[in-house]
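Structure record follows, encoded as C-alpha cells.
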Amino acid sequence: MEPRLCLDDLLAQSRTVGFDAAGVAPVEKLTKNRKVLEQWLAEGCHAGMMYMARNIEKREDVTLLVENARSVIVTLTNYYTPAAQPPTAPLIARYAYGKDYHIVVKDRLRQLMQALGDIPGRCFTDSAPLFEHEWARRAGLGWIGKNTLLIHPVYGSFCFIGIIVTPLAFDRYSRPVEASHCGTCTRCLDTCPTGALAPRCLDARRCISYHTIESKDPLPEDIKKAAGNRLFGCDRCQEVCPWNSRAEKNRVPEFAPDPAVLRLCREDWLAMDELTFKQLFCDTPCERAGLEKLRNTVKEQCD
Ligand code: SF4
Ligand code: SF4
C-alpha cells in the first residue's frame, strides 16, 4: 500500500514549526476559479500586474507545477501587531513592518517538509501562480471575504498564506469552508477610500496598495488624494473588518517592527540616504520597492 501522510501529524508539526493554522486539500483542477480570473483580466482589473495574466494553466492545474501532485498543504501565519505609527506619519501597511514574509514563511515551510519526513514537493509563498485563497478555503482555513482576502474565524485576515504542493496523499483531508461569514456586512466595501472593491472583486486600477507597492508610475491624481499619507500599502479594508477586531499580536520575532521605522516622519523620508534606508529596511518588503519610489511617493503626497 502506498504511504500516506497523516493529517493529525501535519497539524501538530505545523504548530511546532510556528504556523498558526494549517490544513490540506486534495488536488483538483480549479476550472471555475480560472474562469473568474479570465473575466477579471478581460475587464482590466489587474492594472499593470501582467504576471496575473501569465501561467493561467498552472494556476488552474497544480500538477503543472509539481508532477503527480496529490495534496496541497496550506499554512497561515498571523502577522498582526498592535504597534502603530503616528497617524500623520507616512504610513506603511502592517505586513511590511518586519522581515520579508517571503523569507520567513518559506523557511518555515521547508522546516515543515523536513518535519513531515523530508517529503517531496515544492513550497511557495506568494511566489508562484496559485489560487492561494481558494486552496486555503479548501484546506478549511476560512472563507474569502468581500474584501477578497481569506478570513480565518480566529486569526482574521492579517495572515500570510504558505503552500506546499506534494505528490503524496494524506490519510484524510481538511473539510473545506463552504459558507461565507460576512453576512450582511459591507464595511470593507463602504470604507475603501477609492471604491476599488465590489463583493469579492478588487479593481487594482483603483487600489492604493497596487499604486503604492506594485506600480512604477506616479500616483494618479484621484488616488493620490484618496491615499492621503499612505506611503506603502493600505490596511483600511482589513482594519474595519469585524473578524479582525480580536486580532492578536503575532508570535514571530522576525515580524517585530523596528521602533525607528515606526517613528519615521515625512522630513525623515525626504532626507533619507541609501545607507540609512538599507539599515532600516534590509530584508523587508519596503526594500523591494526601493528608496527612490518611496521618497517620490512622499514628495507627491506633499505637493
Ligand atoms: S487596500 Fe485600500 S484601496 Fe485597496 S481595496 Fe483595500 S481599502 Fe481599498
Ligand atoms: S468587513 Fe465585513 S464584508 Fe468585508 S470582509 Fe469583513 S466581514 Fe466581510
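The values are calculated or read from the model by the stated rules, or taken from the named source; none is laboratory data. Just so we're clear, the structure is a prediction, and the values are computed from it rather than from any experiment. Because the Cβ atoms are built from the backbone with ideal geometry, glycine has one as well, and the counts that use them run over all protein chains shown.
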Q: Could you check how many residues of region 173-202 are near ligand 1 (Cβ under 8 Å from one of its atoms) and touching a residue at least 60 places away in the same chain (Cβ under 8 Å)?
A: 1
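For region 229-238, indicate whether the set of residues that are in contact (Cβ under 8 Å) with a residue 60 or more places away in the chain, within 15 Å of ligand 2 (Cβ to nearest atom), within 25 Å of C265 (Cα to Cα) and not in a helix (DSSP H, G or I) is non-empty.
Going through region 229-238, the residues in contact (Cβ under 8 Å) with a residue 60 or more places away in the chain turn out to be 229-235, 237-238.
Adding the requirement that they be within 15 Å of ligand 2 (Cβ to nearest atom) leaves 234-235, 237-238.
Filter once more, keeping what is within 25 Å of C265 (Cα to Cα): 234-235, 237-238.
Pick out the ones that are also not in a helix (DSSP H, G or I) and you get 234-235.
Yes: one or more hits.
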Q: Determine which single condition E134 fails, assuming it passes every other condition in (1) in contact with a Phe, Trp or Tyr (Cβ under 7 Å, 6 or more places away or on another chain); (2) part of a helix (DSSP H, G or I).
A: (1)
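Say whether the condition of being within 16 Å of ligand 2 (Cβ to nearest atom), within 21 Å of the chain's Cα centre (by Cα) and over 30 Å from L11 (Cα atoms) is met by at least one residue in region 220-227. Steps first, please.
Initial filter on region 220-227 (within 16 Å of ligand 2 (Cβ to nearest atom)): none.
Among the residues of region 220-227, not one is within 16 Å of ligand 2 (Cβ to nearest atom), within 21 Å of the chain's Cα centre (by Cα) and over 30 Å from L11 (Cα atoms), which makes the answer no.
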Q: Sort out which residues of region 138-189 are outside any loop (DSSP other than H, G, I, E, B) and away from ligand 2 (no atom under 14 Å from the Cβ), and write them in order of number.
A: R138, F160, I161, G162, I163, I164, V165, T166, A169, F170
Q) Of all residues in region 143-202, how many are among the aliphatic types (A, V, I, L, M) and closer than 28 Å to E221 by Cβ? A) 6
Q. Can you tell me how many residues in region 248-285 are under 23 Å from K225 (Cβ atoms) and part of a helix (DSSP H, G or I)?
A. 4
Q: Scan region 151-195 for residues that are within 26 Å of A22 (Cβ to Cβ) and of a type in the set (D, E, K, R) and jot them down.
A: D171, R172, R175, E178
Q) Given the conditions (1) in contact (Cβ under 8 Å) with a residue 40 or more places away in the chain; (2) surrounded by fewer than 21 Cβ atoms within 10 Å (Cβ to Cβ), which single one is not true for C159? A) (2)
**Q.** Some residue of region 204-211 being closer than 30 Å to L64 by Cβ, within 12 Å of ligand 1 (Cβ to nearest atom) and in a loop (DSSP other than H, G, I, E, B)
**A.** yes
**Q.** Identity of the residue in region 104-154, within 16 Å of ligand 1 (Cβ to nearest atom) and touching a Lys or Arg at 6+ places or on another chain (Cβ under 9 Å), that ends up nearest to A256 (Cα to Cα)
**A.** L150
Q) Looking only at region 190-219, which residues are within 16 Å of ligand 2 (Cβ to nearest atom), among the hydrophobic types (A, V, I, L, M, F, W, C) and crowded, with 20+ Cβ neighbours inside 10 Å? A) C192, A196, L197, L202, C207
Q: Say whether the condition of being at pLDDT below 95 and more than 16 Å from ligand 2 (Cβ to nearest atom) is met by at least one residue in region 112-126.
A: yes
Q: Considering only region 259-303, state which residues are in contact (Cβ under 8 Å) with a residue 60 or more places away in the chain and under 21 Å from H102 (Cβ atoms).
A: V261, D283, T284, P285, C286, E287, R288, A289, K293, L294
